[in-house]
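**Q** The structure is given below, and queries will be raised subsequently.
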Amino acid sequence: MNSKIKFFQSIRFKFALIFALMLMLTLEIVGAFFMRQLERQNLNNFRQQIVLPSYIENSLSTQLGRTNTTSANHHIRTILAEVNNSNISEIRVIDSKGIIRGTSSSTNQGIVGQKTTDSGIKNTLVSDRNHTEYLYDNTNHNRYYVNIVPLSNSNGNNEVGVLYMRANLEGVYSTINNIYVIYISAVLASIVLCLLLSIFISREITAPIEEMRKQTMRIARGDYSGQVEVVDNDELGQLAGAINNLSVRVEESQDASESERRRLDSVLSHMTDGVIATDRRGNITIINNTALQLLNYDEEDDVIGKSITDILKIRKQYTMRQLIDETQTHVMIDMNDENGLILSAFFTPIQRESGFVSGLVCVLHDVTSQQKEERERKQFVSNVSHELRTPLTSVKSYVEALTDGAWKDKEVAPRFLKVVQDETDRMIRMINDLLSLSRMDSGTAKLNLEYVNINELFNYILNRFDMIIKKEKNENPDSKHYSIVRHFTKQDLWVEIDTDKFTQVIDNIMNNAVKYSPDGGVITCRLVATDKHVILSISDQGLGIPRKDIGRIFDRFFRVDKARSRKQGGTGLGLAISKEVVNMLGGQIWVDSTEGQGSTFYISLPYIQYDEEDEWDDDEKDQN
Ligand code: ADP
């Protein structure tokens with residue numbers, strides 16, 4: 001908005017101009033009448049002066065009646081010379097025959113005795129009536145007034161001639177012109193004076209308007225601090241009051257909408273769901289932080305103004321019309337990014353009361369984990385069914401074979417029954433494993449926590465495995481040979497754990513190490529402590545785990561080699577249970593493995609260093 005108004009565009013100037021023009025028009029009209037009247041009046045006055053006293057007219061008539069023309073002419077000349085009328089330039093006396101008998105012009109005496117050629121004189125001689133006319137002399141550019149008066153004898157009934165009087169009008173016109181010049185000067189002076197006066201007056205009138213203009217401009221800029229001064233209670237004063245009122249109202253509504261906007265902003269920015277609003281063309285106008293994070297954008301400016309169908313990558317499936325026409329559209333969006341993000345999007349059109357759709361609101365919800373859980377749950381159910389079906393099928397077929405007569409065969413029957421027993425055992429193990437997993441999942445599994453010296457516990461478990469090795473060696477000297485090596489810290493490490501469940505974890509990892517170790521393999525067990533953690537590791541020299549499977553090794557029912565694991569009685573749930581237990585104890589479990597060279601399983605547990613001396617001091621203090 002242009003805040004500066006040029007003087008010639010200002011209302012002040014326009015007011016002044018109107019005043020001046022009106023004044024000029026008035027003075028012009030008045031002046032025209034006045035000048036016309038003045039001219040008429042002056043000419044009338046002048047004309048009344050272009051007459052001769054009646055005694056002179058009588059004398060001239062007498063002279064015209066004489067027969068001695070020479071003497072009469074002489075007398076006429078004398079009479080004319082006596083005429084004392086400065087307005088009359090020339091007087092001529094013409095007898096009834098049209099002969100000029102005398103003239104007052106001393107330089108023009110030559111015309112005396114000549115016959116007049118003037119048509120006005122001739123007319124007067126014929127009509128015996130006064131004749132007046134205005135002449136313009138081209139030689140000296142003067143205007144003249146001519147008055148031709150018939151002269152009659154003393155009886156008054158016989159025309160003896162005419163009297164021709166010529167008066168120069170330039171004097172009259174010069175007077176009129178002088179008056180006109182004075183008038184015009186006065187008009188001009190009054191116009192200038194009026195212009196100045198009207199500028200001053202209009203400035204006074206427009207000052208409140210100017211102030212109101214400035215105030216409204218301030219309001220437009222968002223500055224509501226000023227107030228227009230209300231001087232009078234006239235229309236302008238009331239307008240000023242209305243503007244002050246308006247300023248307060250605008251400020252209030254601005255404040256209200258500002259606080260509404262802030263509230264909306266804070267609601268949007270603290271929402272855990274992503275929110276996107278668009279205009280009716282589907283171009284994004286508002287987006288909150290959650291939506292930016294979900295869609296992997298850093299800056300609001302990266303998406304503002306862009307099409308929502310492009311940003312959500314749903315242009316191929318949905319058009320804006322489809323999204324706007326429905327009262328609510330629910331779309332599952334697979335972002336196909338490295339995180340496997342799946343978003344649930346609800347689109348709702350923003351509709352005014354008139355029914356006009358002014359845009360769209362989209363609420364985004366991250367359903368990746370729900371989807372993953374749902375997928376995993378389905379996968380788990382299918383895995384369980386599959387895992388149970390295999391041993392059951394095998395049990396069924398062996399039982400059928402026995403029923404069909406194999407039970408009579410003393411050699412085959414015990415073998416078949418052994419298989420049935422092994423498979424049933426495996427199913428029971430699997431169901432027990434599933435039950436403990438389910439308990440841990442539902443949170444009903446209870447931990448019997450106690451402070452245990454993990455050094456001793458780990459050693460105890462490994463001693464048990466040493467015993468098993470010895471026993472197997474004695475019972476079956478051809479069985480697989482392996483040895484266990486310990487690298488333990490000397491420090492006693494007291495850690496709060498559930499001994500039974502932790503023993504189950506170590507048993508499982510050790511069993512796997514034994515299972516997958518080659519003959520003569522060494523199983524190395526280490527125990528170290530850092531400031532905050534106790535770390536146990538069990539390394540074997542076995543098959544190792546392919547790199548691609550390392551991430552899935554702790555998944556339920558995952559086995560690198562299913563057939564081999566089953567043959568060895570594995571359920572594929574051992575590591576899954578181990579992971580759940582370690583997590584419940586607040587620790588972590590992970591594996592490091594090179595295929596063909598062996599694997600190392602690590603368990604870290606939280607550990608708070610225990611200063612025995614301090615503890616003793618505290619105990620002594622308590623006793624005292
Ligand atoms: P299983 O009952 O099959 O042993 P686990 O959950 O204990 O089930 O182990 C899952 C899978 O992890 C095993 O089937 C095996 O393929 C792999 N695995 C576990 N420990 C080792 C190991 N020490 N060396 C090689 N592979 C292992």
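The values are calculated or read from the model by the stated rules, or taken from the named source; none is laboratory data. Note that the coordinates shown come from a computational prediction; the quantities given were computed from them, not determined experimentally. Positions of Cβ are generated from backbone atoms using ideal geometry, with glycine treated the same way; all protein chains shown enter the neighbour counts. What goes into the accessible areas is simple: the full protein's heavy atoms, side chains included, and nothing from ligands, DNA or RNA. Shrake-Rupley method; radii C 1.70, N 1.55, O 1.52, S 1.80 Å.
**Q** If I ask for residues that are in contact with a Gly (Cβ under 9 Å, 6 or more places away or on another chain) and in a loop (DSSP other than H, G, I, E, B), which ones from region 508-554 would you list?
**A** Correct list: SER517, PRO518, ASP540, GLN541, GLY542, LEU543, GLY544.
**Q** If you don't mind, there's one more thing I want to ask. Could you list all residues from region 328-355 that are of a type outside the set (Val, Ile, Thr), in a strand (DSSP E or B) and out of contact with any Leu (no Cβ under 9 Å at 6 or more places or on another chain)? Outline the logic, then answer.
**A** Taking region 328-355 and keeping what is of a type outside the set (Val, Ile, Thr), we get 328, 330, 332, 334-341, 343-347, 349, 351-355.
Filter once more, keeping what is in a strand (DSSP E or B): 330, 332, 334, 343-347, 349, 351.
Once the filter is applied, which keeps residues that are of a type outside the set (Val, Ile, Thr), in a strand (DSSP E or B) and out of contact with any Leu (no Cβ under 9 Å at 6 or more places or on another chain), region 328-355 yields HIS330, GLN351.
**Q** Residues that are free of Cβ contacts under 8 Å to residues at least 60 places away in the same chain, at least 1 per element: which strands (runs of 3 or more DSSP E) completely within region 44-141 meet that?
**A** Numbers: elements: 88-95, 100-103, 131-137.
Per the criteria, 100-103, 131-137.
For (1) loosely packed, with under 14 Cβ neighbours inside 10 Å; (2) farther than 30 Å from THR67 by Cα; (3) in contact (Cβ under 8 Å) with a residue 60 or more places away in the chain, each residue gets a yes or a no:
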position: SER185; (1), (2), (3): yes, yes, no
position: LEU196; (1), (2), (3): yes, yes, no
position: ILE219; (1), (2), (3): no, yes, no
position: ASP223; (1), (2), (3): yes, yes, no
position: ASN245; (1), (2), (3): yes, yes, no
position: GLU251; (1), (2), (3): no, yes, no
position: ASP255; (1), (2), (3): yes, yes, no
position: MET271; (1), (2), (3): no, yes, no
position: GLY274; (1), (2), (3): no, yes, yes
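**Q** If I filter region 558-576 down to residues being within 8 Å of the ligand (Cβ to nearest atom) and hydrophobic (A, V, I, L, M, F, W, C), which single residue comes out as most open to solvent (accessible area, probe 1.4 Å)?
**A** VAL560
**Q** Give me the pairs, please: first residue somewhere in region 598-611 and at negative phi and within 13 Å of the ligand (Cβ to nearest atom), second residue anywhere and open to solvent by 60 Å² or more (accessible area, probe 1.4 Å) and modelled with pLDDT of 90 or more, beta-carbon distance under 6 Å, and either six or more positions apart or on two chains.
**A** Filtered contacts from region 598-611: THR600/ASP592; TYR602/TRP590.
**Q** Separate question: Does region 579-586 contain at least one residue that is among the aliphatic types (A, V, I, L, M), on the phi < 0 side of the Ramachandran plot, within 60 Å of the chain's Cα centre (by Cα) and open to solvent by less than 10 Å² (accessible area, probe 1.4 Å)? Break it down stepwise before answering.
**A** Initially, region 579-586 is screened for residues among the aliphatic types (A, V, I, L, M), giving 581-582, 584-585.
Right, trim to on the phi < 0 side of the Ramachandran plot and you get 581-582, 584-585.
Going one step further and asking which of them are within 60 Å of the chain's Cα centre (by Cα), we end up with 581-582, 584-585.
Checking the rest, the ones that are also open to solvent by less than 10 Å² (accessible area, probe 1.4 Å) come to 581-582.
Checked region 579-586: at least one residue is among the aliphatic types (A, V, I, L, M), on the phi < 0 side of the Ramachandran plot, within 60 Å of the chain's Cα centre (by Cα) and open to solvent by less than 10 Å² (accessible area, probe 1.4 Å).
**Q** Could you tell me which residue of region 507-530 is surrounded by the most Cβ atoms within 10 Å (Cβ to Cβ), considering only residues that are more than 17 Å from TYR602 (Cβ to Cβ) and more than 10 Å from the ligand (Cβ to nearest atom)?
**A** GLY521
**Q** Moving on. Sort out which residues of region 395-411 are surrounded by 15 or more Cβ atoms within 10 Å (Cβ to Cβ) and either modelled with pLDDT under 90 or not in a helix (DSSP H, G or I) (or both), and write them in order of number.
**A** Correct list: ALA406 only.
**Q** Need the failing condition index for PHE200 against (1) farther than 30 Å from ILE88 by Cβ; (2) of a type in the set (Phe, Trp, Tyr); (3) surrounded by 15 or more Cβ atoms within 10 Å (Cβ to Cβ), just the number.
**A** (3)
**Q** Do we have any residue at all in region 449-457 that's surrounded by 13 or more Cβ atoms within 10 Å (Cβ to Cβ), among the hydrophobic types (A, V, I, L, M, F, W, C) and within 16 Å of the ligand (Cβ to nearest atom)?
**A** no
**Q** Residues of region 531-557 being more than 12 Å from the ligand (Cβ to nearest atom) and of a type in the set (Val, Ile, Thr), which ones?
**A** VAL534, ILE535 - these are the residues of region 531-557 that are more than 12 Å from the ligand (Cβ to nearest atom) and of a type in the set (Val, Ile, Thr).
**Q** Let me spell it out: the conditions are (1) polar (S, T, N, Q); (2) in a loop (DSSP other than H, G, I, E, B); (3) open to solvent by 70 Å² or more (accessible area, probe 1.4 Å), and ASN177 meets all of them except one. Which number is the exception?
**A** (2)
**Q** Taking region 531-551 only, how many residues are within 54 Å of the chain's Cα centre (by Cα) and either on the phi > 0 side of the Ramachandran plot or surrounded by fewer than 13 Cβ atoms within 10 Å (Cβ to Cβ) (or both)?
**A** 4
**Q** Follow-up. When you go through PHE13, PHE46, PHE8 one by one, which is the residue that is open to solvent by less than 80 Å² (accessible area, probe 1.4 Å) and more than 27 Å from VAL172 (Cα to Cα)?
**A** None of the others qualify; the one that does is PHE13.
**Q** Just to be sure I understand, how many residues within region 250-296 are acidic (Asp, Glu) and within 13 Å of ALA345 (Cβ to Cβ)?
**A** First, the residues of region 250-296 that are acidic (Asp, Glu): 251-252, 255, 258, 260, 265, 273, 279.
Cutting the leftovers down to within 13 Å of ALA345 (Cβ to Cβ) gives us 273.
Qualifying residue count for the region: 1.
**Q** If we scan region 275-297, do we find a residue that is of a type in the set (Gly, Ala, Ser) and modelled with pLDDT under 90? Spell out the reasoning first.
**A** Narrowing region 275-297 to residues of a type in the set (Gly, Ala, Ser): 277, 282, 291.
Remaining after also requiring modelled with pLDDT under 90: none.
Checked region 275-297: no residue is of a type in the set (Gly, Ala, Ser) and modelled with pLDDT under 90.
**Q** Within region 284-312, work out how many residues are more than 15 Å from VAL363 (Cα to Cα) and surrounded by fewer than 18 Cβ atoms within 10 Å (Cβ to Cβ).
**A** To start, the set of residues in region 284-312 that are more than 15 Å from VAL363 (Cα to Cα) comprises 296-307, 310.
The next check asks that each one be surrounded by fewer than 18 Cβ atoms within 10 Å (Cβ to Cβ); those that pass are 296-302, 304-307, 310.
Count: 12.
**Q** So ASN158 fits all but one of (1) modelled with pLDDT under 85; (2) open to solvent by less than 70 Å² (accessible area, probe 1.4 Å); what number is the exception?
**A** The number of the failed condition is (2).
**Q** Okay, next question. Scan region 337-354 for residues that are open to solvent by 90 Å² or more (accessible area, probe 1.4 Å) and either among the hydroxyl-bearing types (Ser, Thr, Tyr) or in contact (Cβ under 8 Å) with a residue 12 or more places away in the chain (or both) and report the count.
**A** Qualifying residue count, region 337-354: 2.
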